[in-house]
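The values are calculated or read from the model by the stated rules, or taken from the named source; none is laboratory data. Because the structure is a prediction, the values reported are computed rather than measured. Backbone-built Cβ (ideal geometry, glycine too); neighbour counts: all protein chains shown.
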Amino acid sequence: MLLYDGACGFCSRTVQFILRHERHRSLRFASLGGAYAAGVLTRIPGLRGIDSVVWLDEVRGDVLTRSSAILRVTRYLGVPWRLAVVAHLVPPAWRDHLYDFVARHRHALTGGAKHCLVPPADQRHRFLDENPT
């Protein structure tokens, strides 16, 4: 499960990137502003008030945020993206500093335009806050 900022163009484009490059097509998505994510954020105390991408593997009990969540996404995507695993050699505080810098400027990276992700029809079932059409 990946929780992301659904009102952020950069974040929505990142989800589109994942959809284009994934191999397993098993990852599910929910906007941080949606009802599903609200339930998750309430259930997991450490996530209350979070403004970050969140990787959630409820089977394994993994809850990753910020740069660790992004690195887990690259692992999910497989080769060549999985090669980013070398970033684990960088201390998490440094990785998170870079993540925070990008996060602060994410709206400028897409020209300030909000971008609402409309999942392809064959993928809508993987977006937990989407209304089926």
message: Looking only at segment 10-51, filter to residues that are among the polar types (S, T, N, Q) and surrounded by 18 or more Cβ atoms within 10 Å (Cβ to Cβ); which one of those is nearest to Thr74 (Cα to Cα)?
response: Thr14
message: Looking at segment 50-74 only, could you name the residues that are out of contact with any Asp or Glu (no Cβ under 6 Å at 6 or more places or on another chain) and among the small types (Gly, Ala, Ser)?
response: Ser52, Gly61, Ser68, Ala69
query: For segment 36-133, which fully contained helices (runs of 4 or more DSSP H) count at least 2 residues that are more than 16 Å from the chain's Cα centre (by Cα) and modelled with pLDDT under 90?
result: 106-109
query: Hey, among Arg66, Arg60, Arg72, which residue is closer than 18 Å to Val15 by Cα and out of contact with any strand residue (DSSP E or B) (no Cβ under 6 Å at 6 or more places or on another chain)?
result: Arg66
message: For segment 1-35, give me each residue that is assigned to a loop (DSSP other than H, G, I, E, B) and either within 9 Å of the chain's Cα centre (by Cα) or of a type in the set (Asp, Glu) (or both).
response: Met1, Asp5, Glu22
